[in-house]
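*Asks:* There's a structure below that I have some questions on.
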Amino acid sequence: MNKKKAGVDNKVVPMFSHLPAYSKLATAELGKSKNRVHPLVVQLGLRYADRIISGGNSRTLALLTVFKKVVQEYQPPEGVEFKQVFLTFLNNQIDFLFKCRPKSIGMGTAISFIKSKIRALDNNITAEQARMWLEEAIEHFEE
């Protein structure tokens with residue numbers, strides 16, 4: 001009986017032995033997140049994990065496109081400051097994506113940029129104003 005899993009090479013190259021072995025993530029496993037993950041982020045994470053979207057620039061542009069849509073669709077709970085709850089929500093999305101595949105340098109830069117824009121939001125800004133401002137910031141970053 002062959003002990004190797006289909007499609008998985010169990011050879012360990014000493015130079016790369018310190019890195020975790022790649023294993024394909026199951027959709028069911030990823031969907032069992034205890035934090036709320038936007039469906040577009042789940043879809044993007046699966047594409048990252050399956051290497052459908054690869055390359056630093058492609059992954060960064062896909063991230064920005066999805067985050068722009070997430071910003072557009074996000075509705076904070078009534079009576080809660082947008083900035084704080086959205087930052088927590090965004091961190092959950094980012095954590096999920098990093099479970100699917102480690103970030104690229106460009107993704108890290110884009111995430112830092114978006115978080116800095118969120119932190120710079122005025123506390124009295126409405127959710128609609130915050131969404132518009134963040135969308136514009138993301139579009140500006142893409143250019």
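Just so you know, all these numbers are worked out from the coordinates, no wet-lab data involved. As the structure is a computational prediction, the values presented were derived from the model and not from experiment. Glycine gets a Cβ as well: all are built from the backbone with ideal geometry, and neighbour counts include every protein chain shown.
*Asks:* Provide H18, H38, H140 in ascending order of the number of other Cβ atoms located within 10 Å of each residue's Cβ, fewest first.
*Replies:* Sorted ascending by nearby Cβ count, the order is H18, H140, H38.
*Asks:* With each pseudo-label sitting 7 Å past Cα toward Cβ, what's the Q43-Q75 distance in nm, one decimal?
*Replies:* 2.0
*Asks:* Please give the charge dipole size of the stretch 36-142, origin at the Cα centre, charges +1 on K and R Cβ atoms and -1 on D and E Cβ atoms. Round to the nearest 20 debye.
*Replies:* Its charge dipole is roughly 540 debye.
*Asks:* Name the shape class, rounded, prolate or oblate, that the alpha-carbon gyration tensor gives for the stretch 54-140, where a ≥ b ≥ c are the square roots of its eigenvalues, rounded holds for a/c under 1.5, and otherwise prolate holds if a/b is larger than b/c and oblate otherwise.
*Replies:* Verdict is prolate for the stretch 54-140.
*Asks:* Multiplying the sequence separation of Q84 and D50 by 0.36 nm and subtracting their Cα-Cα distance, what value in nm do you get?
*Replies:* 9.0 nm
*Asks:* May I pose another question? Kindly put E81, E143 in sequence by how many other C-beta atoms sit within 10 Å of each C-beta, fewest to most.
*Replies:* E143, E81
*Asks:* Cross-link candidates for K83: which aspartates and glutamates have Cα within less than 20 Å, leaving aside residues fewer than 8 places away along the same chain?
*Replies:* Once the sequence-local aspartates and glutamates are set aside, what remains near K83 is E73, D95, D122, E128, E135, E136, E139.
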